[in-house]
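The values are calculated or read from the model by the stated rules, or taken from the named source; none is laboratory data. Since the model is a prediction, treat every value here as computed from it, not as a measurement. Counting neighbours? That spans all protein chains shown, and the Cβs are built from the backbone with ideal geometry, glycine included.
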Amino acid sequence: MVSYKELGLVNTKEMFARAINGGYAIPAFNFNNLEQLQAIIKASSDLRSPVILQVSKGARNYANSTLLRYMAQGAVEYAKELGCKHPEIVLHLDHGDSFELCKDCVDMGFSSVMIDGSSLPYDENVALTAKVVEYAHKYDVTVEGELGVLAGVEDEVASEVSHYTKPEEVIDFTSKTGCDSLAISIGTSHGAYKFKPEQCTVDPKTGRLVPPPLAFDVLDAIMEKLPGFPIVLHGSSSVPQEYVDMINQYGGKLPNAIGIPEDQLRKAAKSAVCKINIDSDSRLAFTAAVRKTLVEKPAEFDPRKFCGPARDLMTEMYRHKIIDVLGSDNKLAQLD
Ligand SMILES: [Zn+2]
């Protein structure tokens, strides 16, 4: 049993309370390799932003769970080396699908876990979430639950259609489970193909597809039921068209990849939404930079020569998200 406190990590409690009061959101970035982690820590440390490092079940399978945990521990030390004396870094399990997986993460040093029972019948979701909360809270680990279903595909989480969160369920769910934050469904979606072209309108100026707006009326109704309660948005990549264009220009094939417009996310971040999950944008930036370098320098075979530019492009993307979308720069409790 390793406590996250020994690793220099923090749970989400204090940073969420500050984010709600301050009208911004904490970035939750997924990682499963060295370059992603370097880019996340460089951007968040330079900008003095709290940050949530997310590990999915798929990432654990890909990179090895023990190695990822030590990488997160190393991230705390790296942030300090970058001049951030008091980093606030959360190690969070994304989409935990069983009590055993959540327990395993708590036991190995995670400071926060998500239990996603959203595909289960309501009562089973309540029972499973409550069981995880009971265990995690013994160790001061925070728990994210989910109500409502997001469309799209992310690692092992997939759904054809979305079901908005029902505001009439949120008081019962949070009080029965004791969860610390709630992921909701208001029209965001997993992956790089968040909407079908027929769901979108066309911007006459650019010819680009414009997705339907998020259901802010549902968010407002939830906030009215749960004043001051931390709300989480999954599937909130904006799928920047410059990365999609780069990928397609250098031999890729991503037709009609569509994300959530950043102005919608900025608006959400100013509300009780205090955690915004971004994964696909990092994958797109990485792939765009790797494709470009390999096409332009076909003789290159040192992975550092194409992973380095990928890391730089991801760092730039994370900086932009922190400053312009989430507003979490200079929001550490201790800025010195
Ligand atoms: Zn998700």
(message) Consider the stretch 264-280. How many of its residues are in contact with a helix residue (DSSP H, G or I) (Cβ under 8 Å, 6 or more places away or on another chain) and either within 16 Å of the ligand (Cβ to nearest atom) or polar (S, T, N, Q) (or both)?
(response) 8
(message) What are the pairs with Cβ atoms under 7 angstrom where one residue, in the stretch 254-278, is at positive phi and touching a residue at least 24 places away in the same chain (Cβ under 8 Å) and the other, located anywhere, is buried (at least 16 other Cβ atoms within 10 Å of the Cβ) and not hydroxyl-bearing (Ser, Thr, Tyr)? Sequence gap at least six, or different chains.
(response) ASN256/LEU209
(message) Just to be sure I understand, how many residues within the stretch 176-226 are assigned to a loop (DSSP other than H, G, I, E, B), of a type in the set (Gly, Ala, Ser) and either more than 16 Å from the ligand (Cβ to nearest atom) or surrounded by fewer than 18 Cβ atoms within 10 Å (Cβ to Cβ) (or both)?
(response) 3
(request) Just name the residue that is modelled with the lowest pLDDT out of those in the stretch 319-336 that are surrounded by fewer than 16 Cβ atoms within 10 Å (Cβ to Cβ) and not in a helix (DSSP H, G or I). (result) ASP336
(message) For the stretch 16-36, give me the residue count where each residue is surrounded by 22 or more Cβ atoms within 10 Å (Cβ to Cβ), assigned to a helix (DSSP H, G or I) and among the hydrophobic types (A, V, I, L, M, F, W, C).
(response) 2
(request) Evaluate the stretch 239-253: report whether one residue or more is in a loop (DSSP other than H, G, I, E, B), in contact with a Leu (Cβ under 8 Å, 6 or more places away or on another chain), touching a residue at least 60 places away in the same chain (Cβ under 8 Å) and of a type outside the set (Phe, Trp, Tyr). (result) yes
(message) List the residue pairs whose Cβ atoms are under 7 Å apart, where the first residue sits in the stretch 94-112 and is of a type in the set (Asp, Glu), the second is in a helix (DSSP H, G or I) and within 16 Å of the ligand (Cβ to nearest atom), and the two are 6 or more positions apart or on different chains.
(response) ASP97/LYS57
(request) Give me a count of the residues in the stretch 211-236 that are within 22 Å of ALA288 (Cα to Cα) and either free of Cβ contacts under 8 Å to residues at least 24 places away in the same chain or in contact with an Asp or Glu (Cβ under 8 Å, 6 or more places away or on another chain) (or both). (result) 1
(request) Among what's in the stretch 53-75 and is of a type in the set (A, V, I, L, M, F, W, C) and either free of Cβ contacts under 8 Å to residues at least 24 places away in the same chain or touching a Leu at 6+ places or on another chain (Cβ under 8 Å) (or both), pick the residue that is surrounded by the most Cβ atoms within 10 Å (Cβ to Cβ). (result) LEU53
(message) Quick check on the stretch 282-295. Is at least one of its residues part of a strand (DSSP E or B) and within 22 Å of PHE195 (Cα to Cα)?
(response) no
(message) Looking at the stretch 59-71, can you tell me whether even one residue there is at pLDDT 95 or above and among the polar types (S, T, N, Q)?
(response) no
(request) Output the residues belonging to the stretch 109-123 that are more than 23 Å from PHE16 (Cα to Cα) and not in a loop (DSSP other than H, G, I, E, B). (result) TYR122, ASP123
(request) Return yes or no: is PHE173 among the aromatic types (Phe, Trp, Tyr) and either within 16 Å of the ligand (Cβ to nearest atom) or not in a loop (DSSP other than H, G, I, E, B) (or both)? (result) yes
(message) Can you pull out every residue in the stretch 227-238 that is assigned to a loop (DSSP other than H, G, I, E, B) and within 16 Å of the ligand (Cβ to nearest atom)?
(response) PRO230, HIS234, GLY235, SER236, SER237, SER238
(request) Restricting attention to the stretch 70-108, report how many residues are part of a strand (DSSP E or B) and over 17 Å from the mean Cα position of the chain (by Cα). (result) 1
(message) Among (1) over 22 Å from ASP203 (Cβ atoms); (2) within 16 Å of the ligand (Cβ to nearest atom), there is one condition ILE260 misses while meeting the rest; what is its number?
(response) (1)
(message) As an exercise: evaluate ARG283 against (1) over 26 Å from ILE20 (Cα atoms); (2) more than 16 Å from the ligand (Cβ to nearest atom); (3) within 14 Å of the chain's Cα centre (by Cα) and give the number of the one condition it does not meet.
(response) (2)
